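Report on one structure; see the data block that follows.
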Amino acid sequence: MICCKECLDMLSEYLDGDLDAKASADLDEHFQDCPPCIAFLNTFKTSTSLCRETLRQVDVPEVVQKKMKEFIDQQKQNKG
Amino acid sequence: MSFTQNKETKEAEEALVREFQAGNLDAYDKIAEIYQKKIYALSFNLTRNQMDAQDVTQEVLLTLFKKAHTFQGKSAFSSWVYRITLNASYMKLRSKKKEPNVSLEDLLPSYNSSGYQQDKIQDWSENTESFLFANETREVIQKAVDQLPEKEKVVFILRDGEGLSTEKVSDILELTIPAVKSRLHRARLFLRKKLSPYFEEYGSRREKK
């Protein structure tokens with residue numbers, strides 16, 4: 001069976017679906033016998049997805065959108 | 001918003017760029033519309049400052065306007081836009097005093113000589129649904145991302161923040177695929193460890209209520 005280090009080294013690839021079937025099965029097998037790695041997997045998944053959602057919440061503020069529109073129109077006028 | 005660019009999007013965008021290069025100014029409007037949010041979001045996630053992100057967005061849109069005719073099409077147009085955005089954001093950051101980055105090595109998992117985990121791991125992953133709605137959580141997360149070392153941070157923001165593929169990030173940053181994967185993994189490990197004390201405490205605060 002693979003050790004914790006080998007398991008956790010491959011965790012991102014495991015979750016991103018980048019591992020081949022054999023490597024993925026090795027991790028599954030390790031998780032069956034290792035509660036600390038399951039806790040690691042769960043918290044790793046959760047922190048990754050919370051960070052991802054937080055980064056994706058950025059919206060362009062309306063005032064910036066307006067400024068950019070004016071800026072673009074101005075550039076076009078200068079050129080046209 | 002996920003942005004895994006498929007072949008049709010890439011071709012449609014490059015057709016717009018050719019139209020703009022040929023002098024069609026309306027094509028520029030469409031290009032600006034497609035990229036404005038991506039430029040702003042990337043720049044904001046790097047600089048954490050609305051004014052800076054606004055300046056960068058304006059600067060990049062101006063560069064696209066003035067330099068689109070120099071775009072050769074050797075790599076994807078979107079990769080070119082992302083690269084210009086990264087450079088402009090880094091210029092902004094260079095002029096500012098920075099908090100020192102936390103050492104990434106200290107936050108990686110620790111193992112005994114047989115490769116088994118030494119840290120005591122508390123599973124706080126249950127009951128995290130309410131986390132996202134708390135402003136406090138958002139700030140804690142943003143701060144943690146901010147403390148990532150530069151190399152890992154940019155990969156994390158492009159891959160997990162922008163939702164770009166490993167291949168796309170490797171093209172933008174001119175890194176190998178294994179290098180992108182390894183930096184992404186280190187960033188995620190760092191963030192898990194960095195955020196754990198907050199979530200553990202958050203969990204026990206909830207239980208007490």
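For the range B:84-105, indicate whether the set of residues that are of a type outside the set (Phe, Trp, Tyr) and touching a Cys at 6+ places or on another chain (Cβ under 6 Å) is non-empty.
Just the residues of the range B:84-105 that are of a type outside the set (Phe, Trp, Tyr), to begin with: B:84-89, B:91-105.
Add one more test, that the residue is touching a Cys at 6+ places or on another chain (Cβ under 6 Å), and what stays is none.
No, that holds for no residue.
What residue, of A:ASP33, A:ASP28, A:ASP18, is of a type in the set (D, E, K, R), more than 7 Å from chain B (Cβ to nearest Cβ) and touching a residue at least 12 places away in the same chain (Cβ under 8 Å)? Let's see the steps before the verdict.
Values: A:ASP28 fails: touching a residue at least 12 places away in the same chain (Cβ under 8 Å); A:ASP18 fails: touching a residue at least 12 places away in the same chain (Cβ under 8 Å).
Matching residue, one of A:ASP33, A:ASP28, A:ASP18: A:ASP33.
Regarding A:GLU13, is this residue more than 24 Å from B:GLU200 (Cβ to Cβ) and either in contact with a strand residue (DSSP E or B) (Cβ under 7 Å, 6 or more places away or on another chain) or at the interface with chain B (Cβ under 9 Å from one of its Cβ atoms) (or both)? Steps first, please.
On the way: more than 24 Å from B:GLU200 (Cβ to Cβ): yes; either in contact with a strand residue (DSSP E or B) (Cβ under 7 Å, 6 or more places away or on another chain) or at the interface with chain B (Cβ under 9 Å from one of its Cβ atoms) (or both): yes.
Taking the combined requirement at face value, the residue satisfies it.
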Cβ-Cβ under 9 Å, sequence separation 6+ or interchain: first residue in the range B:48-76 and within 11 Å of chain A (Cβ to nearest Cβ), partner modelled with pLDDT under 95 and not in a helix (DSSP H, G or I). Which pairs?
B:GLN50/A:PRO61; B:ALA53/A:VAL58; B:ALA53/A:VAL60; B:GLN54/A:VAL60; B:GLN54/A:PRO61; B:THR57/A:VAL60; B:LEU64/B:PHE71
Being buried (at least 20 other Cβ atoms within 10 Å of the Cβ) and not aliphatic (A, V, I, L, M) is the filter here; which residues of the range A:47-62 pass it?
A:SER47, A:THR48, A:CYS51, A:THR54
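Within the range A:46-67, is even one residue among the small types (Gly, Ala, Ser), in contact with a Leu (Cβ under 7 Å, 6 or more places away or on another chain) and at pLDDT 90 or above?
Residues of the range A:46-67 that are among the small types (Gly, Ala, Ser), as a first pass: A:47, A:49.
Subset that is in contact with a Leu (Cβ under 7 Å, 6 or more places away or on another chain): A:47.
From what is left, the residues that are at pLDDT 90 or above are A:47.
Checked the range A:46-67: at least one residue is among the small types (Gly, Ala, Ser), in contact with a Leu (Cβ under 7 Å, 6 or more places away or on another chain) and at pLDDT 90 or above.
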Condition first: assigned to a loop (DSSP other than H, G, I, E, B), small (Gly, Ala, Ser) and over 30 Å from B:LYS143 (Cβ atoms). Now tell me which residues in the range B:1-54 satisfy that.
B:ALA22, B:GLY23
Considering only the range A:46-66, state which residues are within 7 Å of chain B (Cβ to nearest Cβ) and basic (Lys, Arg).
A:ARG52, A:ARG56
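The values are calculated or read from the model by the stated rules, or taken from the named source; none is laboratory data. This is a predicted model, so every value here is computed, not measured. All Cβ positions, glycine included, derive from the backbone under ideal geometry; neighbour counts span all protein chains shown.
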